[in-house]
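To start, the structure under review is shown below, and the notes come after it.
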Amino acid sequence: MFKSKWLAAVLMVLGTGSAFADPKFEYGKAEEVAKVKGIEYNASAEGGVVFTTGNSETVTATGGFKAARKTGKNKLSVEGNVTYAKSAIRVLDDLNDNGLVDNENEIRSERTVTAETLSGKIRYDRFLTEFNSLFAALLGARDVPAGKDAVLGFQLGYSRRLYKSKSAEAVGEFGYDYSHENLSSGPDNSIHSARAFVGYKAEMTEGTTFETNLEALTNLNHEELSTRPEGADLGEDTRVNFKASISSKIGKNLSFQTTLEAKYDRRPGPLGIANLAPGFVPEASSMDTIMKASLIYTIF
């Protein structure tokens with residue numbers, strides 16, 4: 001039963017073209033697993049895509065999935081998401097080297113990947129009491145425009161419910177985060193960080209949910225950075241991640257969601273750009289934002 005249900009979730013994701021993040025940010029709650037008799041599974045997938053052709057040529061795609069297995073005082077969850085954008089702009093192909101466009105043969109389309117981000121997480125929660133739990137997670141990510149070809153790491157921490165009412169709840173987490181970054185320029189970077197997180201969700205009306213969370217991390221070790229000769233000392237590589245979303249049901253298993261994500265990195269990675277002069281490694285932007293609209297399908 002375990003294998004068949006997880007296989008069904010994977011096949012549904014592949015069949016819809018989605019890969020990877022459920023609309024709902026699920027907080028760890030003791031009663032969530034205490035009421036489960038035996039083993040319970042749930043999974044959902046989301047996707048969105050935009051194509052333009054003609055004078056404007058772009059492809060933008062987002063997708064995600066989330067699945068969980070609950071039993072006793074244990075919960076195992078898997079989630080991930082992807083954002084990809086590619087555009088083509090018309091540029092000069094100066095065949096006669098005069099710096100001017102003389103005819104249509106000197107106009108060509110240049111295709112550029114403007115967004116390529118992926119992230120995934122496997123998390124285990126062990127519930128201790130109604131309000132307290134411990135967790136461990138494995139994480140992986142890729143953000144090419146931000147100069148991070150691959151990021152692998154893990155988290156350990158403590159989670160506590162801060163507030164609970166009939167239609168809303170809030171949780172807080174504190175713990176340790178480790179990330180190993182494979183950068184597009186310069187040596188790899190390892191970051192040991194303290195992590196704090198707070199999340200809130202509420203049912204605005206029947207079938208409509210608002211969710212938001214804020215995560216802050218700061219380094220506990222000195223970092224060697226290719227973008228800064230002095231590197232980053234304790235507390236200088238602060239990262240803040242924010243997310244807010246509104247989800248509304250439009251069917252038994254279907255929901256529509258709008259999401260805003262913002263990521264701040266005080267010591268960003270090297271800018272993902274080619275043809276840099278030797279010794280010159282510019283920083284990527286400190287702030288990244290993503291706004292998206294998606295359809296969410298609850299598989300089971």
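Just so it is clear, none of the values below were taken in a lab; they were calculated from the coordinates. Computed from a predicted model, the values in this text were never measured in an experiment. Cβ atoms come from the backbone with ideal geometry, glycine included; neighbour counts cover every protein chain shown.
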Legend entry - Selection of GluC sites (Glu not before Pro), region 193-300, meeting DSSP coil and at most 12 other Cβ within 10 Å: Glu206, Glu230
Legend entry - Euclidean distance of C-alpha centroids, region 70-116 and region 229-300, integer Å: 17
Inset, instruction - Sort Ile39, Ile290 so the one with the fewest other Cβ atoms within 10 Å of its own Cβ comes first. - result: Ile39, Ile290
Inset, instruction - Just check region 100-215 against the gyration tensor rule for me: Cα atoms, a ≥ b ≥ c as the square roots of the eigenvalues, rounded for a/c under 1.5, and otherwise prolate or oblate depending on whether a/b exceeds b/c. - result: oblate
Inset, instruction - Name the aspartates and glutamates eligible as straight-distance cross-link partners of Lys148: C-alpha to C-alpha under 16 Å, and not fewer than 8 places from it in the same chain. - result: Glu116, Glu181, Asp188, Glu223, Glu224, Asp237, Asp265, Glu283, Asp288
Inset, instruction - Can you tell me the dipole magnitude for region 2-298 around its Cα centre, using point charges on the Cβ only (Lys, Arg +1; Asp, Glu -1), in Debye to the nearest 20? - result: 2120
Legend entry - Violating pairs (Cα-Cα greater than 27 angstrom) within the set Lys70/Lys243; Lys121/Lys263; Lys70/Lys252; Lys166/Lys263; Lys66/Lys164: Lys166/Lys263
Legend entry - Cα gyration tensor shape of region 2-298, rounded if a/c is under 1.5, else prolate or oblate by comparing a/b with b/c: oblate
